[in-house]
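Values quoted throughout were computed directly from the atomic coordinates according to the rules given, and no laboratory measurement underlies them. From a predicted model like this one, the values you see are computed outputs, not experimental measurements. Cβ placement follows ideal geometry from the backbone for every residue including glycine, while neighbour counts extend to all protein chains displayed.
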Amino acid sequence: MPPAKAWGIEQWPVARLEQAQNQRQSHALVPPPENTEERPPSLNDDSDTPVVQFINQTLRSAIQRRASDVHFEPYQQRFRVRLRIDGVLQAIASPPFSLAARITARLKIMGQLDIAERRLPQDGQLSVQLDNASFSMRISTLPTLHGEKVVLRILQTDRQELPLEQLGMSLEALGWYANALCNPQGMILVTGPTGSGKTVTLYSGLRQLNDAQSNLCSVEDPIEIPVFGINQTQINSKNRSGLRSRVTGPAAPGSGCHHDRRDPR
């Protein structure tokens with residue numbers, strides 16, 4: 001008895017082998033599927049749902065009034081909404097308290113957060129569109145006495161690609177910043193209150209260094225704006241210390257690292 005039959009192995013004839021080969025080649029010629037990545041939701045589209053309507057109207061107002069962030073704050077039988085404009089928080093029209101939990105849940109879904117987690121702070125990111133402009137928003141939740149407070153930090157993605165000359169610095173400060181970026185080692189601290197332009201300044205500096213000869217990495221909490229050519233890594237409380245050494249170790253030398261450290265809550 002042939003060895004193949006003794007082991008229960010089927011012997012394919014030549015014609016069947018050729019047929020299988022042709023099928024494999026035909027599958028290889030099938031073009032890859034088109035990119036079906038969903039576009040960010042538009043704030044111009046008002047749904048019949050009161051929650052979606054309120055959120056879209058609030059974010060539209062915040063963007064049009066050039067607010068840096070939006071605060072959704074639950075209190076006893078009251079839900080307050082405030083915009084930070086020019087560094088000052090201003091109250092705006094608030095929805096009925098009965099919609100508070102649904103608005104919070106909707107915002108957490110938009111930011112891809114865990115809607116079941118209400119006892120721990122969470123951070124995430126979402127993107128929206130308004131009048132053909134893209135806006136990236138950082139979302140943060142904080143448990144309070146009467147529910148979860150939600151804060152949205154607004155970043156217009158289209159305005160982040162500013163050269164150093166358009167940051168609004170004095171010529172003296174611009175010279176210091178440009179010279180510091182050219183140094184082969186060292187650390188640059190960019191500090192200031194909310195909405196003062198720290199993020200734009202840091203990203204403009206990274207873009208200044210971004211070329212084909214450089215190996216750039218950023219350690220961010222969280223990643224606010226994706227930038228081509230920079231190896232961006234997001235950290236969290238669970239892997240904060242170990243991830244820094246893993247990212248910066250193999251990337252050096254010749255790497256620029258940026259860590260946006262926010263104020264403690």
Honestly region 48-154 on the Cα gyration tensor test (a ≥ b ≥ c root eigenvalues; a/c under 1.5 rounded, otherwise a/b vs b/c for prolate or oblate) is just rounded
Sites residue 97 and residue 120, calculated FRET efficiency, Cβ-Cβ separation with R0 35 Å, nearest 0.05 | 0.90
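Could you compute the net charge surrounding residue 79? Neighbours are other residues with a C-beta less than 12 Å from the C-beta of residue 79; K and R count +1, D and E count -1. Write down the numbers at each step before the final one.
Numbers: positive: 78, 80, 82, 102, 149; negative: 73, 148.
That works out to +3.
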Rough spin-label spacing in nm, given labels placed 7 Å along Cα→Cβ, for residue 228 and residue 77 | 5.7
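When a footprinting reagent is the concern and you count Cβ atoms within 10 Å, what order do 170, 47 take, fewest first? It would help to have the intermediate numbers written out before the result.
Details: 170 8, 47 11.
With the sparsest Cβ surroundings first, the list reads 170, 47.
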